[in-house]
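Student: Sharing a structure, written as structure tokens. Questions coming.
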Amino acid sequence: MLVSDDIHALSRAVSGPVVLPDSPAFAEETFAFNLATVHRPDVVLGAADAQDVAAAVKWAAEHRLPVSVQSTGHGADSAIDGGLLINTRRLQDLKIDPVERTARVGAGVKWRTVLEASVPHGLVGLHGSSTDVGVVGYTVGGGLPVLGRAHGFAADHVRSMDIVTADGALRRIDAHDEAELFSLMRGGKGNFGIVTALEFSLFPVGEFYGGGIIYPGADAAPILAAFRQWLPTLPDDASPSISLLRLPDMDFVPEPLRNQFVVHLRFAFLGNREDGDGLLAPMRAVSTPLMDTAGPMDYLDVDQIHMDPTDPLPFTEGGALLKDFGDETVADLLELAGDGSGCPLLLAEIRPLGGALSRAAVLPDALPDAVSGRDAAFLLFLVGFKMPPIAEAVAASIREILAAMAPHSTGYTLVNFHGEPGDEADRARAWTPAVYERMRSAKSTYDPGNLLRFGHAITGAPAAG
Ligand SMILES: Cc1cc2nc3c(=O)[nH]c(=O)nc-3n(C[C@H](O)[C@H](O)[C@H](O)COP(=O)(O)OP(=O)(O)OC[C@H]3O[C@@H](n4cnc5c(N)ncnc54)[C@H](O)[C@@H]3O)c2cc1C
């Protein structure tokens, strides 16, 4: 049990605020974007810099306290109970190098901040569907970008990381220094330490075409059939996705679409209007859209492609990597999540993978990263509200759809889309068996006391002999 002398020792060792559960600041420091998750650590440090993170981890190790980390709470799939929570949102350093085409960010920086600084140089980072998400949490989870088929996973393009391991040491790791740790931190989630800064590649973007088409849900079957036939005609510079949406009566939903079941096609393309319109033509012909926003787009409007919620909500998720999206897969999905199915989910989404997403490791000299899914063709992702009175029905629906999709699945998940972590066997599904075994070995080396044990954490391999 912590006594006040312990807390004073932590306060003396750091410059950021040390916050206890009885403080008025506790709710703000533990707040998660996912409102279904309420964290209850014993103490929170609002880290002011990397030295704060190192000192706090050392302090926690001395007191055998588990350590967790949060920046935005977008990935708060499960609650943190006890221990020390390090809140990184104050780590806002940002440096764009337009010549080297790199960005270096502190652990609290969100994607929107990166884009606002990089787009004026004609450069973008490999962010996902919402730029409100934190760069570091997203990237250590692999990071499946909007432009994924063109450039691959965000983790494929990390140049270096500053990381505090469970012994409290602050290390800079890259392809040459601590190559194995660097490999596994790119996709292995926060299993081996707390990242304080990240350096990654930026990519040129010239003309950009993007947006969404929303169709009546009653046409879901012909739209999904057309989607499947359309995909092989697309170049890797085009990244589409499609979802079955039950739109709630909420502010982030355009008024005429509230309370409707619709199909939402999303489209991001590195090209001009003529080529974008040409590529989209078959999907524009398949049904009369309720809304069509696709066209030349200012890159800073990129969030309009997926139209993810911007205000915190209580939600739960589930995901699976699929081998195919053939007739049977589509029929099974429509039966459980289509029109008239009574499905309570907000979203059942299919993201085609392939292109650069299927190519492992692009960094010269670096070991391949830990991202799974290179051999998968599609990601299935399910989201629903986690609140009364539908929380139970939502959880049951996610289980039912994942079970029905199991024959079409590779058996693996992407950790950023895994949903609530279950037992060890369930958590292991976010990596290939070979990567998972390397992770268990690295866990024994870098976190032998299992300090980092919350969320999607794994346990170390038993010592040899
Ligand atoms: C609206 C929305 C859209 C999304 N779109 C995409 C998408 O298109 N592609 C995609 O890949 N993912 C997507 N995600 C998932 C998202 O990438 C993960 O939830 C990610 O974990 C969020 O990171 P965060 O730092 O914002 O969240 P947090 O909840 O603050 O952190 C989540 C986890 O990330 C790890 N982490 C965070 N900071 C650190 C650190 N400093 N050091 C080590 N580990 C750390 C920890 O395990 C932590 O528990 C989306 C999520 C939401 C809610």
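Any read-out appearing in this document is the output of simple, stated calculations on the displayed coordinates, not a laboratory observation. Not measured: the values here are computed from a predicted model. Positions of Cβ are backbone-derived with ideal geometry, glycine not excepted, and every protein chain shown enters the neighbour counts.
Student: Within segment 128-148, can you find the residues that are crowded, with 24+ Cβ neighbours inside 10 Å and more than 7 Å from the ligand (Cβ to nearest atom)?
Tutor: 135, 139, 147, 148
Student: Can you tell me which residues in segment 157-189 are closer than 21 Å to residue 94 by Cβ, in contact (Cβ under 8 Å) with a residue 40 or more places away in the chain and of a type outside the set (Asp, Glu)?
Tutor: 157, 158, 159, 164, 170, 185, 186
Student: Looking only at residues in segment 61-78 that are surrounded by fewer than 23 Cβ atoms within 10 Å (Cβ to Cβ) and not in a loop (DSSP other than H, G, I, E, B), which one is farthest from the ligand (Cβ to nearest atom)?
Tutor: Residue satisfying both the conditions and the ranking: 62.
Student: Just checking, does segment 408-421 include any residue being hydroxyl-bearing (Ser, Thr, Tyr), within 16 Å of the ligand (Cβ to nearest atom) and closer than 29 Å to residue 328 by Cβ?
Tutor: Our first condition is that a residue be hydroxyl-bearing (Ser, Thr, Tyr); within segment 408-421, this holds for 409-410, 412-413.
After this cut, where a residue has to be within 16 Å of the ligand (Cβ to nearest atom) as well, the list is 412-413.
Those left that are additionally closer than 29 Å to residue 328 by Cβ: 412-413.
For segment 408-421, residues hydroxyl-bearing (Ser, Thr, Tyr), within 16 Å of the ligand (Cβ to nearest atom) and closer than 29 Å to residue 328 by Cβ: present.
Student: Please go through segment 262-295 and pick out each residue that is farther than 26 Å from residue 353 by Cβ and in contact (Cβ under 8 Å) with a residue 24 or more places away in the chain. Give the derivation first.
Tutor: Step one: filter segment 262-295 for residues farther than 26 Å from residue 353 by Cβ, giving 273-274, 288, 290-291.
Result: 273, 288, 290, 291.
Student: Follow-up. Sort out which residues of segment 208-218 are buried (at least 17 other Cβ atoms within 10 Å of the Cβ) and closer than 24 Å to residue 336 by Cβ, and write them in order of number. Write out each step before concluding.
Tutor: The initial filter retains those residues of segment 208-218 that are buried (at least 17 other Cβ atoms within 10 Å of the Cβ), namely 208-215, 217.
Hits for segment 208-218 are 212, 213, 214, 215, 217.
Student: Scanning for something more than 10 Å from the ligand (Cβ to nearest atom), in a loop (DSSP other than H, G, I, E, B) and over 16 Å from the mean Cα position of the chain (by Cα), does segment 190-201 turn up at least one residue?
Tutor: We begin by selecting, within segment 190-201, every residue more than 10 Å from the ligand (Cβ to nearest atom); these are 199-201.
After this cut, where a residue has to be in a loop (DSSP other than H, G, I, E, B) as well, the list is none.
Looking for residues that are more than 10 Å from the ligand (Cβ to nearest atom), in a loop (DSSP other than H, G, I, E, B) and over 16 Å from the mean Cα position of the chain (by Cα), one finds none in segment 190-201, hence no.
Student: Residues being charged (D, E, K, R), surrounded by fewer than 22 Cβ atoms within 10 Å (Cβ to Cβ) and under 15 Å from residue 90 (Cα atoms): count how many of those fall in segment 30-60. It would help to see each step written out before you state the result.
Tutor: Pass one, segment 30-60, residues charged (D, E, K, R): 40, 42, 49, 52, 58.
Pick out the ones that are also surrounded by fewer than 22 Cβ atoms within 10 Å (Cβ to Cβ) and you get 40, 42, 49, 58.
From what is left, the residues that are under 15 Å from residue 90 (Cα atoms) are 49.
So the answer is 1.
Student: Any idea how many residues of segment 281-306 are in contact with a strand residue (DSSP E or B) (Cβ under 8 Å, 6 or more places away or on another chain), closer than 21 Å to residue 226 by Cβ and not basic (Lys, Arg)?
Tutor: 13
Student: Moving on. Would you mind finding the one in 459, 445 that is assigned to a helix (DSSP H, G or I), more than 17 Å from the chain's Cα centre (by Cα), over 17 Å from residue 321 (Cα atoms) and not acidic (Asp, Glu)? Even if it seems obvious, please write down each step before you answer.
Tutor: Working: 459 fails: assigned to a helix (DSSP H, G or I).
Of the residues listed, the single one that is assigned to a helix (DSSP H, G or I), more than 17 Å from the chain's Cα centre (by Cα), over 17 Å from residue 321 (Cα atoms) and not acidic (Asp, Glu) is 445.
Student: Could I ask something else about it? So which of 217, 168, 211 is away from the ligand (no atom under 12 Å from the Cβ), among the small types (Gly, Ala, Ser) and at negative phi? If you could, list the steps in order and put the result at the bottom.
Tutor: Working: 168 fails: at negative phi; 211 fails: at negative phi.
The conditions single out 217.
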